[in-house]
Amino acid sequence: MIEKLYDLKKTQIDRKLVEKGRLMQEIAAIEAELTITQTKINTTGVQPHGAISDFAILQMHKNSMKKHMFNLEIRRKNLDRKHQLVVDELIELQKESEQFNYILQEEKKEKIRLALKAEEEASSEYMQSKYIRLKG
């Protein structure tokens with residue numbers, strides 16, 4: 001039973017690690033998109049002697065990119081929170097897994113100890129029976 005629980009915890013840990021990796025990839029993609037958008041904001045411009053409407057359009061474009069960045073930041077913060085929750089769950093699962101592993105190891109040691117004790121008793125009985133036969 002303990003072995004099944006241990007295996008279950010190992011499976012849960014593996015799933016959480018996959019989820020953690022996926023979240024980290026999403027965060028990295030958002031950070032890359034933020035960098036690209038910030039670069040676009042910094043490098044976007046108009047002709048020096050263009051019409052006034054060009055400046056208004058440019059400002060609207062920059063505002064839309066800033067809003068996009070704001071939305072990305074919110075999404076990244078949400079992903080960071082989820083990532084932290086997954087990390088906390090992973091830590092808890094690893095603790096539980098280590099506890100079950102410890103119990104399994106103790107059970108194995110106990111089985112070995114009992115087997116050695118039974119073997120010792122059998123050996124002792126054999127020696128006693130041999131000694132009795134030799135005396136008798």
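Every read-out reported here was derived from the displayed coordinates using simple, explicitly stated rules and does not represent laboratory data. Note that the structure is predicted; figures quoted are calculated from it, not measured. Methodologically, a virtual Cβ is constructed for each residue, glycine included, from the backbone with ideal geometry; neighbour enumeration extends over all protein chains shown.
Numbers for the structure displayed
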| item | result |
| --- | --- |
| The chain: angle of helix 2-43 to the longest principal axis, Cα-based, in degrees nearest 10 | 20 degrees |
| Gain on full stretching of the segment that runs from HIS61 to SER124 - 0.36 nm per residue minus C-alpha separation | 13.5 nm |
| Relative contact order (%) - the chain, alpha-carbon pairs under 8 angstrom, separation at least six | 45 percent |
| Net charge of neighbours whose Cβ lies under 13 Å from the Cβ of HIS68, counting Lys and Arg as +1 and Asp and Glu as -1 | +4 |
| Between 0 and 90°, nearest 10: helix 52-135 axis offset from the chain longest Cα axis | 0 degrees |
| Percent of C-alpha pairs per 10 Å bin, region 1-135, short to long | 10, 20, 15, 13, 11, 9, 7, 5, 4, 3, 2, 1, 0 |
| Added length on full extension, which subtracts the Cα-Cα distance from 0.36 nm per residue, ASN42 to LEU17 | 5.3 nm |
